[in-house]
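Worksheet for the structure shown next.
The values are calculated or read from the model by the stated rules, or taken from the named source; none is laboratory data. Computed from a predicted structure; not experimentally measured. Here the Cβ positions follow ideal geometry from the backbone for every residue, glycine too, while neighbour counts run over all protein chains shown.
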Amino acid sequence: MEGTISKGSRGEKAAEAYLRKAGFSILARNWRSGRYELDLVATRGDTLHFVEVKSRKAGSLTTPEEALTQEKFDALCIAAQAYLEANPWDGELQFDLAAVEIGAAGCRVRYIPNAMSPRW
């Protein structure tokens, strides 16, 4: 049985590969500021993407999308603000979700752009 950390890492690797194939440049993976973390930070064009990765075993009772709570998004906004303080950005910002289902045949990534809208 695959552990939560292993499943999360596998999902993040699958999401990163998906984004690279879609033309994104990955700037950071598991970027941290204190207890806050950004799974993936990427760019495409003039947009900076903060990508939250949620992974679940295929056929789980809850989907990866359901795992993104308001509390988690609030923490993402704090991490994003810290990232922007350390790495100023002059273009557009976007919060996206990579929903990853892990099955026997591999990982299936559903990329959801603008999945969350910050209120800052």
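Data for the structure
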{"quantity": "Among (1) of a type outside the set (Ser, Thr, Tyr); (2) modelled with pLDDT of 95 or more; (3) more than 13 Å from the chain's Cα centre (by Cα), the one test that Asn30 misses", "calculated": "(3)"}
{"quantity": "Positions within segment 26-50 being farther than 14 Å from Ala82 by Cα and among the basic types (Lys, Arg), in sequence order", "calculated": "Arg29, Arg44"}
{"quantity": "Selection status of Ala99, touching a Ser or Thr at 6+ places or on another chain (Cβ under 8 Å), closer than 14 Å to Val53 by Cβ and not in a strand (DSSP E or B)", "calculated": "no"}
{"quantity": "Any hit, segment 104-118, residues being in a loop (DSSP other than H, G, I, E, B), surrounded by 12 or more Cβ atoms within 10 Å (Cβ to Cβ) and touching a helix residue (DSSP H, G or I) at 6+ places or on another chain (Cβ under 8 Å)", "calculated": "yes"}
{"quantity": "Residue among Thr43, Thr47 that alone is modelled with pLDDT of 95 or more, touching a Gly at 6+ places or on another chain (Cβ under 7 Å) and polar (S, T, N, Q)", "calculated": "Thr47"}
{"quantity": "Condition check for Thr62: hydroxyl-bearing (Ser, Thr, Tyr), more than 16 Å from the chain's Cα centre (by Cα) and under 22 Å from Ser9 (Cα atoms)", "calculated": "yes"}
